[in-house]
Amino acid sequence: MASEGAAAVLLVDQDVSIVREVVPFLAEKGYAVEQVDDGEKAYNLLDDRPFDVLITELNAHRINGMRLMAVAKDRNPEVCVILITREPDIEHATEAMRQGALDFQTKPLNLGKLEAVIQLGLGRQRLVLEQHELRRRLDEKYGLGSLVGKSRGMIKVYEAVRQIAPTRATVLIQGETGTGKDLVAQAIHTNSPRRDAPFVKLNCASIPEALVESELFGHVAGAFTGAVQTRKGRFELADKGTLFLDEVGELSPALQAKLLRVLESQQFERLGDSRTINVDVRLIAATNRPLEKMVAEGNFRDDLYYRLHVVTIDVPSLRQRREDIPPLVDFFFREACRANGKELEGITRNATDVLMRYDWPGNVRELKNIIEGIVIMSRPGRLLDVQDIPEHIRRTTAPEVREMRIPTGATMADVERIVIEETMKVCGFNKERCATTLGIGLRTLYRKLKEYDIR
């Protein structure tokens, strides 16, 4: 709606009796009502701001209701328009409704009916706004905005998504476990013409082999033990939309053959049924296994591989794009704080440095889980530091002992700061070990860290 408070109503009518009746009635119902008696004044108000409701005479001196409706809809496409006239006019009423009027009423007005139509129109506006907000949130969560990073590898992924999304092409997404292949698939769907149709997922590795066929194609009652009722499969559920098959390399040879048939004909039968079902489904497949090698070894059908391999997106591992770790840490930190109701100051640069040195075998998923765990275990108001990072990460990221370079002309304070900073790095930012290495007390180290702003 045009306003967050009272709905804004513009009444354009020269009939004094109508004005005296309608304005106080709507004002008492909580509407913000503006009233004018000619079209020029109405145009000026419509130019000044959008209205939620337009109530106007169809034709009167200096008032053209159809023209006013067109201008109002240009300002607010969802505006509720009610045209009023002295005499019933089926032809004009039909044309007005065709052009977007919600109702056509004759004088004298039925105020109860007038308000019911206004409520209907405002309800439709709220529904449209909710749909826009849902779309915005989906775009934020699943559009390109959900893919965090500015590394060269991720820029190539973004460019591929933008190129591929508008097409019907089958897509194969390759990458290690935890790299975010599912987010790439969702981004392709969200940016495609199928965005308003279903996006259906199936992880082929998470379901027992005996049930995968039923999950893909559905079954009828009695098709197998336990099949007590007919059930649609993922292909049927994804009709007109997108089906995302994760870990497609786990499919058995028999299922590979059936999947190939669906890709070629967009037809299949439910388990236990002879009736052929036609669908319109775009397939996006993902794998963490080397399908090309599996084809060479005879473990994956070559014809299916070539069918899936129409367009390929390679998602880089996190260790291949370490420069993306700081923005990912910030993104997951804010997300974890919001989800768990925590208020924390942030994460120190030293802590981020440790996270950047880790190889992340579980990739982005592992980083997300680590950050969430750190946030959950931290007291509110704290600045997260190296000691908050799990021990196994600190232990494996401690740099090797190396020589320190002291620049010529450095003051003793500069030397002390460099020595403490480098020793902290060598000790994996473990303050007790650093203090022991330097031969100073822990309280002294804390004082020096604060003095030199080493975090």
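Derivation of every value follows stated rules applied to the coordinates shown; laboratory data play no part. Model, not experiment: these values are computed from the prediction. Positions of Cβ are generated from backbone atoms using ideal geometry, with glycine treated the same way; all protein chains shown enter the neighbour counts.
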task = Please report Cys204, Cys80 as a ranked list, fewest other C-beta atoms within 10 angstrom at the top and most at the bottom.
result = Cys204, Cys80
remark   = Checking rank on 408-416, 339-347, with mean other Cβ inside 10 Å and highest first, the result is 339-347, 408-416
inquiry  = Taking the number of other C-beta atoms within 10 Å as the exposure measure, put Leu183, Leu243, Leu438 in order starting with the fewest.
reply    = Leu438, Leu183, Leu243
request  = Take every Cα pair under 8 Å in the chain that's 6+ residues apart, average their separations, divide by the length, and report that relative contact order as a whole percent.
outcome  = 11
inquiry  = What three numbers, in Å, describe the spread of the alpha carbons of region 37-105 along their principal axes, ordered from the longest?
reply    = 33, 26, 14
ask   = Cross-link partners among aspartates and glutamates for Lys41, C-alpha distance below 12 Å, same-chain residues fewer than 8 apart left out?
value = Asp13
note = When the charge dipole of the chain is computed with +1 at the Cβ of Lys and Arg and -1 at the Cβ of Asp and Glu, the Cα pointing farthest to the positive end, of Gly112, Ile84, Val184, is that of Val184
message = Could you tell me the ratio Rg/Rh of the chain? Both radii from Cα atoms, Rh via Kirkwood.
response = 1.15
request  = Once you've got the Cα coordinates, tell me which of Lys150/Lys368; Lys201/Lys293; Lys150/Lys181; Lys150/Lys240; Lys73/Lys107 are over 21 Å apart.
outcome  = Lys201/Lys293; Lys150/Lys240; Lys73/Lys107
task = Along each of the three principal axes of the Cα atoms of region 398-455, give the extent in whole Å, ordering the values from largest to smallest.
result = 31, 26, 20
ask   = What lysines could a cross-link reach from Lys425, if we take a straight Cα to Cα line under 20 Å and drop same-chain neighbours fewer than 8 places away?
value = Lys448, Lys450
task = Please report the orientation-averaged projected area of region 319-397, defined via the convex hull of its C-alpha atoms, in nm².
result = 4.5
